[in-house]
Amino acid sequence: MSLITVTHNSAETLRRCWGSSSLPEGVEWVVVDNASADASASVARELGAKVIEAGANLGFSAANNLGLDHAQGGFIGFVNPDVVVEFDELAGLAAVARERGALVAPQLLNADGTEQPNGRGFPLLISKVRHRLRGGDPTYLLRSDDGTPRAVCWVMGAALLGDRAVFERLGGWDDRFFLYYEDKDIGLRAWKAEVPVLLVPTARWKHGWARETTSLRWAPWRREIASMTKFYTRYPEFLIGKRASRRAHPLAAAGVYGDATRPGLVG
C-alpha cells in the first residue's frame, strides 16, 4: 500500500499533520516535492517518506502521476499534506474499493470534528456559484446519512484512494489541470469507465482545507480560472443544466441520484 503526497512549501504542515504517528508496517509514503523554498523535502524524509524532488513546480496532477510512477504498492492513496491519516482505517477503505471496484474517500473533518463536504454531486456551474455564495445545497454537497458508502460524482482531491490498476486504467490524473478541477475530472472519467466513486463515512480523517481562493491574491484565482475554463470546455453539459448533465453521464446519474440507468453499478 502506498500513500502519495504532493508538497509545495509544506514543511510546517507536514510536521503538524504527519509527525504525530509513525508509518505502519506495509505502508509506503511517497512525497513529491514541487520545488519548495522551505524544508518540505527534508522534513518528509525525517518523517519516513520516500521523497521525489521534482525540481520544478509541476502542478498537482503531474506530481501525483510522478508519485504513482515511483510508488510500489498495489493499493494507492493520494493524500494532501494537510490531512491527518487514520492508518487503522486504510484496510477498511481498501476493502470497500476492491469489493465495489471503486475509487473511495474517507469522510473529511474540520479541526473541530464537524464534517467537511468532500463528497460532491454534478459540478454544475450554477451549483458551484450557489455553494460559494450561500453553501448548503444538498444536491451538491453529499453525505452518507446511514453510515454506509455513498456514491458521489466526485470527491475533493485532498484524499482519494483505489487500486493501482484502476488509476492506471484511467490514465492517472490529467496533467492539463495544473491545480483545481482535476478532482472533478478524474471522478467523471471514473464513472465513464464504470468505476464508482464512493464516500466511506466509517473512515474519518481531519483535513486543514486551506483553499487559496478564499483570499484576494490574484495568482490562485488565475490558476482556478484557467482550470475552470478547461473543465467546462471539456464538459459543457454542466453549463447547460441537470438534464443535459444526466444524459451525458448516465452511470454517474444512476449511482449518485438514483436514475433508472444502470442502477446496479453501485449496488
Residue hits (region 247-259; touching a helix residue (DSSP H, G or I) at 6+ places or on another chain (Cβ under 7 Å) and either modelled with pLDDT under 95 or among the β-branched types (Val, Ile, Thr) (or both)) are 259
Checklist line | Meets criteria (touching a residue at least 40 places away in the same chain (Cβ under 8 Å) and surrounded by fewer than 19 Cβ atoms within 10 Å (Cβ to Cβ)) for residue 242 | finding: yes
| message | Take the conditions of a type outside the set (D, E, K, R), assigned to a loop (DSSP other than H, G, I, E, B) and farther than 24 Å from residue 87 by Cβ and apply them to residue 231. Does it pass? | response | no
The one condition residue 24 fails out of (1) more than 27 Å from residue 231 (Cβ to Cβ); (2) in contact with a strand residue (DSSP E or B) (Cβ under 9 Å, 6 or more places away or on another chain) is (2)
So, first residue open to solvent by 20 Å² or more (accessible area, probe 1.4 Å) in region 149-170, second residue charged (D, E, K, R) and in a loop (DSSP other than H, G, I, E, B), Cβ within less than 8 Å, six or more apart or across chains; the pairs are 150/143
Subset of region 183-197, residues touching a helix residue (DSSP H, G or I) at 6+ places or on another chain (Cβ under 8 Å), among the charged types (D, E, K, R) and surrounded by fewer than 24 Cβ atoms within 10 Å (Cβ to Cβ), comes to 185, 192, 194
Taking region 208-239 and the residues there that are of a type in the set (Ser, Thr, Tyr) and at pLDDT 90 or above, the one that is surrounded by the most Cβ atoms within 10 Å (Cβ to Cβ) would be 227
Considering region 79-98, residues that are open to solvent by less than 20 Å² (accessible area, probe 1.4 Å) and in a strand (DSSP E or B), and then whichever is farthest from residue 170 (Cα to Cα), we arrive at 83
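The values are calculated or read from the model by the stated rules, or taken from the named source; none is laboratory data. Owing to the predicted nature of the structure, the values given are computational and were not obtained by experimental measurement. All Cβ positions, glycine included, derive from the backbone under ideal geometry; neighbour counts span all protein chains shown. Please note that ligands, DNA and RNA were not included when accessible areas were found on the heavy atoms of the full protein model with its side chains. Shrake-Rupley method; radii C 1.70, N 1.55, O 1.52, S 1.80 Å.
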